[in-house]
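The values are calculated or read from the model by the stated rules, or taken from the named source; none is laboratory data. Keep in mind it's a predicted model, so treat the numbers as computed, not measured. Here the Cβ positions follow ideal geometry from the backbone for every residue, glycine too, while neighbour counts run over all protein chains shown. The protein model used for the area step is the full one, side chains on, heavy atoms only, and it has no ligands, DNA or RNA in it. Shrake-Rupley method; radii C 1.70, N 1.55, O 1.52, S 1.80 Å.
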Amino acid sequence: MTLIALITLLVIGGILSWMSARLGSNWPRWISLLTLIFSLYLLWMLKQSLHPHYAVLSPQDEPQWWLQISLPWIERFGIQFQLGLDGLSFLLLVLTLALGIFSVLCSWSEIQHRVGFFHFNLMCTLAGIVGVFTALDLFLFFVFWEVMLVPMVMLIGIWGHEKRSYAAIKFFIFTQASSLLMLISIVTLVLWHFQATGELTFNYFSLLSTPLGSGAGFWLMLGFFIAFAVKIPVILVHSWLPDAHTQAPTAGSVILAAVLLKTGAYGLIRFTLPLFPQASIDFAPVAMLLAVIGILYGAKLAFAQQDLKRFIAYTSISHMGFVLLGIYGLNNIAMQGAVLQMVAHGISTAALFMIVGMIQERLHSRDLAVMGGLSSSIPRLAAFGLFFAVASLGLPGMANFVAEFLVLLGNFSAQPVFTIIAALGLVAAAIYSLAMLQRAFWGAQHQLSLKLGLMDLNRREAGSLLVLAGALLYFGIQPQSLLNASKSSVDKVITQVFSSQSQLADVKELSNNAMIRGTRND
């Protein structure tokens, strides 16, 4: 019941934040912050109670599912309120709640109007994301998938920047249209399962065994893939992301880049690959091609950006390409690299968007053309900018480096050409990151920064960035803690994918043997 309590706590915290706004603008901030801290503590205590002998460093034989909860809901249609927790979802829940805390902190002085309603939408978005990472009933999963959409649109549309309405509408259209494709695939899969077995259910584990033909499996898989690809985002369905990131408030950009994009990658690992294993194997070369194009395309467009937020948005497209490449590498090393990249990218990109928000608060601009020489007036902020930029480009010793190395290592034996081309993205990342640092923090100091007399980091800002920097360093030096936590989940997905292929091969072999025997009898 703790998972239900976790979601409920976030929603109640959001409602209390909204209602407390009449008492003063600081009340919603403190209520949201304390709710998220307590939620993170509750999650950690849940993990310790389920596995008292396991720290984060889990033994190799740890079972995949730590906890499952199933309550009756809409029994007429086989729908249950079913939640589950394993290593993969645990890592992403920790990432969600932790970065939720930093989202509240970075919006502390930025959000000055309708503060209570802002924190209500922020908390509801996080509650929806927690539901997405734990739902094991496909109808419930879709409900949470939609729940996290509406408050995020509100965050962009109400508290965003100049073109916030355009960005919010575009984000809504892309995500809603792709979500409807996934809903059609879910309903079709459930009906197909009902026709084959006589059981009407949305249960994840029951639907894993649904017998699908190659043609039906491919089209159903494509409905899921498109919905998740929009969230990652994959090239061709990515154009909502630069606008949404650029126009969102800092907290919205942090949640979008650091957590919301990860729901798409999680969906591919949890649902698309296990539910449609053969179709996923057949589609893997296409997905890997899209990943490689996205890596290079995002890097190329990052060079051309004058808006610092837009620059980071395009680098996210490039870095998330490594996640897609690792997932469809369809081996343990590459997929664990993808999971590690999800965490590392979430931390580093959240920090970069926070730094942009801090610069915008001081300079009232995101234009790189007016940022030259900022290191002279705000040296501590410039130092953190340097740290997170080189972490994002994959400097050895940082978590991003280990993640991208594992993705490339896992893919090299199976797809050497794709791997070599993708590695060029690392070179491009070094070039565009260093070019951005030169334009923003070094060189001749712009007259605007001299005129405004910029203040350096305060204790709240410096403390937030210091914690995120420490996390990247720790996981770069000790990545085994994350790899062990996700190992059983990744191993199970790979087993499910290739066991179905071996079963299909066995069926074909039996069929061939029968044909041979029939020919001999004739």
Can you pick out the pairs among Lys163/Lys309; Lys262/Lys309; Lys231/Lys487; Lys231/Lys309; Lys47/Lys231; Lys170/Lys231 whose Cα atoms lie more than 22 Å from each other? Lys231/Lys487; Lys47/Lys231
Accessible surface of the chain [probe 1.4 Å, protein heavy atoms]: carbon and sulfur percent: 68
Please compute the net charge surrounding Thr201, taking Lys and Arg as +1 and Asp and Glu as -1 over other residues with Cβ under 12 Å from its Cβ. -2
With N set to the residue count of the stretch 282-370, report its C-alpha Rg divided by 2.2 N^0.38 Å to two decimal places. 1.27
For the stretch 185-232, what's the relative contact order in percent, using C-alpha pairs closer than 8 Å and at least 6 residues apart? 39
Contact order relative to length of the chain, as percent, for alpha carbon pairs under 8 angstrom and 6 or more apart: 15
Could you give the size of the charge dipole of the stretch 403-487 about its Cα centre, using +1 on the Cβ of each K and R and -1 on the Cβ of each D and E, expressed in debye and rounded to the nearest 20? 160
Applying 1/(1 + (r/R0)^6) with R0 = 51 Å to the Cβ-Cβ distance of Ile69 and Arg380, what FRET efficiency is obtained, to the nearest 0.05? 0.65
Relative contact order (%) - criterion: Cα under 8 Å, at least six apart; region: the stretch 350-477: 45
Quick check for you: with a 1.4 Å probe and neighbouring chains kept, what is the accessible area per residue of the chain, in Å²? 38
Compute the Cα gyration tensor for the chain, then decide on rounded, prolate or oblate, letting a ≥ b ≥ c be the square roots of its eigenvalues: rounded whenever a/c is under 1.5, prolate when a/b is larger than b/c in the other cases, and oblate in all that remain. prolate
How much mean residue ellipticity at 222 nm does the chain get from its helices, if each DSSP H run of length 4 or more adds -39500 (n - 2.57) and you divide by all residues, to the nearest 500 deg cm²/dmol? -25000 deg cm²/dmol
In the chain, helical segments from DSSP H whose Cα atoms cover 30 Å or more along their own axis and that average at least 0.0 on the Kyte-Doolittle scale are 26-50, 164-197, 277-303, 332-363, 416-441
